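> One structure, pasted below without further comment.
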Amino acid sequence: MTATDPRPLTTVRQFPPGFLWGAATAAYQIEGAAAEDGRTPSIWDTFSHTPGKVFEGHTGDVAIDHYHRFRDDVRMMADLGLSAYRFSVSWPRVQPTGRGPAVQKGLDFYRRLVDELLAAGIEPVATLYHWDLPQELETAGGWPERATAERFGAYAALVGEALGDRITRWTTLNEPWCTAFLGYGSGVHAPGRTDPVAALRAAHHLNLGHGLAAQALRSAHPAQAKVSISLNLHEIRPLTSSAEDREAARRIDAVGNRVFLGPLLDGAYPEDLLADTAALTDWAFVRDGDTATIGRPLDSLGINYYTPTVVSAVTEGMAKPQDDGHGASEHSPWPGADDVAFHRAPGEPTAMGWAVDPNGLYELLTRVSARYPDLPLLITENGAAYEDEVGADGTVHDPDRIAYVHGHLAAVHRAVADGADVRGYFLWSLMDNFEWAYGYAKRFGAVHVDYTSLARTPKSSAHWYARVARSNELVDPAES
Ligand code: IFM
């Protein structure tokens, strides 16, 4: 807004100065080049090549070929006015077996990407782990084993030392809940294991891995490393106000949210979580000193939000298993919460079947910021899949996505006005890409990708978002 802007102040929704406007991606979802320059398979290569695991046998072998097209992709980000770009580093590209020295070519790819971003005035925000564990480490036991956390710390040191002169904002892990509970509990994600105890052990070793990685990044570049973690915090709503439904919400909050927030920010695993899961494990895998390692102060907390989670107690005659929005499985990803039922939240569903509910984001932000008032927040993912179609003129109009993002940005703005210290917003995703078990069937991108030619076409949401990013204010969807 300028001094001569004729609009009444109340209609202008300006974001704080310096607010980061970004978009996010992840290595396995976009890079391709799965066997190039020394990269070896990750658990997602193995999983996607296993028949029946991913929609129509899709894999990330080529993905959207960002590995070879990153320069054009960065140019496109600059055209879209982004001030930040969140990407992930592929562990098996940089340290193929998860052990030993880094592969120079792997590091060089990220160095070139970051240099390109910096030259375009775009701040790089690097995630060290977005689900692509080197297969060799899974074969040795994976995240349920403590050694994997230690390996992750060593990998973080390699990357931090090599790139920490030019990357200052780091995210250790993306959505460790998915890694632990979808990967080792329900098995809908790689590596596809279905063991609730392994899932709980994985959750702890992910937390520990975060703590070790945070230390490594800070010691590599003490003056400038800013460390964060991105959690897909569940905004949980009991179906009714009954004591039973509120108890169901408490259980899901314990194993969905506080299993990470507890050791990261409260100094301990929550007592109620330990009690809920006591029949499965005594948590003896948590050693003295672990929570101190995990709980070192964060520079910010990344929050990924898409839709709320509605739960109730299980009542007689209710179908099992329940659809909790995380993919169908005979095995629950919620250890210690067998007596909890999941319900579709009210609101228009996106192509993922997830209800659109911006108020859930407002509630999440205000709740987290009231609980941890000194912790800056970043929205590191928010967005929606829709069935986008390319028009006869080659353009892609996605008004539903614009409405989704507009609604959620309005919620962020309201949370900021009410005191939440939110420093930035990253749209998921920059481009259409490999949506895990759904393969290429779900399009989250602001930029359309033709999966035959790999041509990129910014959708109308990308053009609208560019106006938001450039003006630092919430542009009316009608102006798209
Ligand atoms: O595509 C994923 C991303 O990798 C992690 N967060 C949720 C997104 C949409 O499902």
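> For VAL422, which sequence-distant residues (separation of 5 or more, or a different chain) have an amide H within less than 5 Å of its own amide H, given hydrogens modelled in the peptide plane?
LEU377
> Sticking with this structure for a sec: Taking the Cα centre of region 10-138 as origin and charging only Cβ (+1 Lys, Arg; -1 Asp, Glu), how large is the dipole, in debye to the nearest 20?
320
> With each run of n ≥ 4 DSSP H residues scored as -39500 (n - 2.57), what mean residue ellipticity at 222 nm is computed for the chain after dividing by its residue count and rounding to the nearest 500 deg cm²/dmol?
That calculation yields -10000 deg cm²/dmol at 222 nm.
> Calculate how many DSSP beta bridges within the chain are antiparallel, expressed in % of all such bridges and rounded to the nearest 5.
Once the DSSP bridges in the chain are tallied, antiparallel ones form about 25 percent.
> I need the helices of the chain that pass two filters: whole DSSP H segments spanning 18 Å or more by Cα along the axis, and mean Kyte-Doolittle score no lower than -1.0.
Once both thresholds are applied, what remains is 104-119, 146-163, 196-220, 358-371, 399-417.
> With a ≥ b ≥ c the root eigenvalues of the C-alpha gyration tensor of region 2-130, is it rounded (a/c under 1.5), prolate (a/b larger than b/c) or oblate?
Prolate, since a/c reaches 1.5 and a/b exceeds b/c.
> Any chance you could run the full-extension gain for ALA410 through GLU473? It's 0.36 nm times the residue separation minus the Cα-Cα distance, nm to one decimal.
21.7 nm
> Still on this model: Please list, ordered by chain and number, the residues whose modelled amide H lies under 5 Å from the amide H of ILE236; skip anything fewer than 5 residues away on the same chain.
THR309
> Next question. Would you mind calculating the gained length between ALA455 and GLU150 on full extension (0.36 nm times residue separation, minus the Cα-Cα distance), in nm to one decimal?
So the chain would gain 105.8 nm between ALA455 and GLU150.
> Separate question: Rank by packing, highest mean first: peptides 134-146, 235-247, with packing defined as the count of other Cβ atoms within 10 Å averaged across residues. Don't skip to the end; give the middle numbers.
Details: 134-146: 20.5, 235-247: 15.9.
Packing order, densest peptide first, comes out as 134-146, 235-247.
> Which FRET efficiency value, to the nearest 0.05, do you get for HIS463 and GLU348 by plugging their Cβ-Cβ distance into 1/(1 + (r/R0)^6) with R0 = 30 Å?
That pair, HIS463 with GLU348, gives E of 0.85.
> Counting only Cα, what are the radius of gyration and maximum Cα-Cα distance Dmax of region 191-315, in Å?
16.1, 55
> Return the ratio Rg/(2.2 N^0.38 Å) for region 316-389, where Rg is computed over Cα atoms only. Kindly include the intermediate steps, with their values, before the conclusion.
On the way: Rg = 15.8 Å, N = 74, 2.2 N^0.38 = 11.3 Å.
Taking the Cα Rg and dividing by 2.2 N^0.38 Å, one obtains 1.40.
> Suppose we look only past 28 Å in the calculated P(r) of the chain. What percent of the Cα-Cα pairs does that tail hold?
49
> Which cross-chain or sequence-distant (5 or more) residues have an amide H under 5 Å from the amide H of THR127, H modelled 1.01 Å from N in plane?
The answer is PHE87, SER88, VAL89, THR171.
> Ranked highest first by the average count of other Cβ atoms within 10 Å around their residues, in what order do 306-313, 332-339, 286-293 fall?
With the highest mean Cβ count within 10 Å placed first, the list reads 306-313, 332-339, 286-293.
Every number in this text was worked out from the coordinates using simple rules, so none of it is lab data. Because the structure is a prediction, the values reported are computed rather than measured. Cβ sites come from the backbone with ideal geometry, for glycine too, and all protein chains shown count toward neighbours.
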